[in-house]
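The values are calculated or read from the model by the stated rules, or taken from the named source; none is laboratory data. None of these values were measured; they are calculated from a predicted model. FYI the Cβ positions are ideal-geometry reconstructions off the backbone, even for glycines, and counts take in every protein chain you see. Each accessible area value is taken on the protein alone, full model and side chains, heavy atoms only, with ligands, DNA and RNA left out. Shrake-Rupley method; radii C 1.70, N 1.55, O 1.52, S 1.80 Å.
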Amino acid sequence: QLQLVESGGGLVQPGGSLKLSCAASGFNFNYYAIGWFRQAPGKEREGVSCISTGYLITRYADSVKGRFTISRDNAKKTVYLQMNSLKPEDTAVYYCAAAPSSKDWRTIQAIQYDYWGQGTQVTVSS
């Protein structure tokens, strides 16, 4: 099965930046769209961004548009989430997940994604 491992989380001050990585293993990686999700205490898991398998269609939640950038390197089997201008409300556990291209992954809904990483904590605080 496809396995995903997130890294790069940590504590950052408001206005700072972090770059998350999602490292994948499994030969089917290139056939999956990858999404980033986050879940803050007491809140539902929300879609943050996603990226396609091929010519790199991307989607972003309105709350992060213009601040976050998703990218992928299929040769390295890694997806990245560059997060700039971080706000306290960005504090959450961030998860990457994989969806077959046949699913409606562009909605960035958790139900569309089959494989999940363990999550990495991002805390934005002064």
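Summary table below
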{"item": "Some residue of segment 115-123 being more than 14 Å from the chain's Cα centre (by Cα) and closer than 14 Å to VAL48 by Cβ", "result": "no"}
{"item": "Residue that is most open to solvent (accessible area, probe 1.4 Å) [pool: residues in segment 22-40 that are among the aliphatic types (A, V, I, L, M) and outside any loop (DSSP other than H, G, I, E, B)]", "result": "ALA23"}
{"item": "Qualifying residue in segment 2-21 (condition: of a type in the set (Asp, Glu), assigned to a strand (DSSP E or B) and open to solvent by less than 30 Å² (accessible area, probe 1.4 Å))", "result": "yes"}
{"item": "Those residues of segment 86-110 which are open to solvent by 60 Å² or more (accessible area, probe 1.4 Å) and either at pLDDT 95 or above or over 21 Å from GLY26 (Cβ atoms) (or both), in sequence order", "result": "LYS87, PRO88, GLU89, ASP104, ARG106, GLN109"}
{"item": "Selected residue (criterion: nearest to the chain's Cα centre (by Cα)) from residues of segment 67-83 that are open to solvent by 60 Å² or more (accessible area, probe 1.4 Å) and over 11 Å from SER49 (Cα atoms)", "result": "LYS77"}
{"item": "Residue selected from segment 111-126 under the condition of a type in the set (Ser, Thr, Tyr) and over 13 Å from ILE34 (Cα atoms), by the criterion least open to solvent (accessible area, probe 1.4 Å)", "result": "THR120"}
{"item": "Conditions (1) surrounded by 13 or more Cβ atoms within 10 Å (Cβ to Cβ); (2) modelled with pLDDT of 95 or more: number failed by THR53", "result": "(2)"}
